[in-house]
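Trainee: Structure below; questions to follow.
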Amino acid sequence: MAVSTALKNIHKITIPTPFAVGPVNVYVLTGDKHILVDTGPATKEAEEVLRHGLQQLQLTPEDIHTVVTTHHHPDHVGLVHLFKDAEIIGHEKMQPWLVKDQAFFDQIYAFFRPFFAQNGVPEELVNQMVTTHQAYLTYTEKTSLTRTVREGDRIGDYTVLETPGHAQTHISLLSKDGTLIAGDHLIAHISSNAIIEAPYSSGENRAKTLLQYRDALLKIKDVSCVLPGHGEQIDDPTILIQERIKQQDEKAIMFLDKLGDSELSIFELTKLVYKRLVDKQPDLTFSETLGHVELLEEQGLVEFKKDNEGIIRYKKAKAQN
Ligand SMILES: [Zn+2]
Ligand SMILES: [Zn+2]
């Protein structure tokens, strides 16, 4: 179970999840004060595997001094409530998710309904996404942070890096030897989705998550080894990061080609590219399309305007000479 990095005190426990992403890795950092990074989802099966994994290290949940949450997704934070006496650490944006702040959730749905409508998504599909999201949140038990951290803060021997993009709450932990415990920020076998989120407070703009994600990838390009939240350890992160950036650039050009000479809403373009997958994964396919269109926009290759019905439509930018 030990992870083969230069650091001998990092132990990986792989925990089953009911989600398409498959099992999740949590890491136990043993020392004077044992730290657990992420927990797995709130299912009976996950709890059994987590307890068993701790047992193999001669630990019980009571022995864990600190639980660090990389981001708010239920496959990572669903079992935080098992660690009743532990310090619970995360980015300040984690808190409304963990305490299940109903006003916060209402604000999210209040943001997304008009946002999706403007981008051409039919109302019934928006309703479906809301229902799916509510069901997803049941894989987390209500709990609370005891300490919030931001860029540069220390947790034991580790330094906190803010790595938003996949989630606005996302942090990673960097050790002195260059090992990064990275949650879902970089995964070897799949490209991490830069999922769109509502603003966290009024007056804040929605983050352009793919652009943000690319910046956060470049920020970690010199780490020596990545311990991800899913799949295998990454020993050559620099190469993988270059590959991911290149794939995004190529994918953006694919979207530009699909756009052709039409003027399309994000939803129309999503359907054109992803076809029937849109019905199965409306949120992910929409996020992917919007993210890459925002990348094209940043590069000056597309422009948009609102039509008479209030729908935002994108088209290729006129060549500027
Ligand atoms: Zn995630
Ligand atoms: Zn995950």
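The values are calculated or read from the model by the stated rules, or taken from the named source; none is laboratory data. The shown structure was predicted, so the numbers you read here are calculated from the model rather than taken from an experiment. We place every Cβ from the backbone using ideal geometry, glycine too, and count neighbours over all the protein chains shown. These area figures cover heavy atoms from the full protein model, side chains too; ligands, DNA and RNA do not enter into them. Shrake-Rupley method; radii C 1.70, N 1.55, O 1.52, S 1.80 Å.
Trainee: Could we say that Asp184 is within 21 Å of Val37 (Cβ to Cβ) and free of Cβ contacts under 8 Å to residues at least 24 places away in the same chain here?
Mentor: When the stated conditions are applied, Asp184 does not pass them.
Condition check ((1) surrounded by 17 or more Cβ atoms within 10 Å (Cβ to Cβ); (2) of a type outside the set (Asp, Glu); (3) part of a loop (DSSP other than H, G, I, E, B)) across all residues:
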| site | (1), (2), (3) |
| --- | --- |
| Ile245 | no, yes, no |
| Asp257 | no, no, no |
| Thr270 | yes, yes, no |
| Val273 | yes, yes, no |
| Asp283 | yes, no, no |
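Trainee: Hey, does segment 117-133 have a residue that's open to solvent by 50 Å² or more (accessible area, probe 1.4 Å) and either in the same structural domain as Lys271 (by TED's automatic domain parsing) or basic (Lys, Arg) (or both)?
Mentor: Looking for residues that are open to solvent by 50 Å² or more (accessible area, probe 1.4 Å) and either in the same structural domain as Lys271 (by TED's automatic domain parsing) or basic (Lys, Arg) (or both), one finds none in segment 117-133, hence no.
Trainee: Also, quick follow-up: Quickly run through segment 32-56 and pick out the residues that are more than 16 Å from ligand 2 (Cβ to nearest atom), within 26 Å of Asp153 (Cβ to Cβ) and of a type outside the set (Val, Ile, Thr).
Mentor: Within segment 32-56, Asp32, Lys33, His34, Leu54 qualify.
Trainee: Shifting gears a bit: Tell me the residue from Asp236, Asp283 that is more than 16 Å from ligand 1 (Cβ to nearest atom) and among the charged types (D, E, K, R), please.
Mentor: Matching residue, one of Asp236, Asp283: Asp236.
Trainee: Residues in segment 62-103 that are surrounded by fewer than 19 Cβ atoms within 10 Å (Cβ to Cβ), under 21 Å from Ala198 (Cα atoms) and either within 16 Å of ligand 2 (Cβ to nearest atom) or free of Cβ contacts under 8 Å to residues at least 40 places away in the same chain (or both): how many?
Mentor: The qualifying residues number 3.
Trainee: Of all the strands (runs of 3 or more DSSP E) wholly in segment 144-219, which have at least 1 residues that are open to solvent by 20 Å² or more (accessible area, probe 1.4 Å) and away from ligand 2 (no atom under 15 Å from the Cβ)?
Mentor: Where strands (runs of 3 or more DSSP E) fall fully within segment 144-219 and carry at least 1 residues being open to solvent by 20 Å² or more (accessible area, probe 1.4 Å) and away from ligand 2 (no atom under 15 Å from the Cβ), they are 147-149, 158-162, 171-174.
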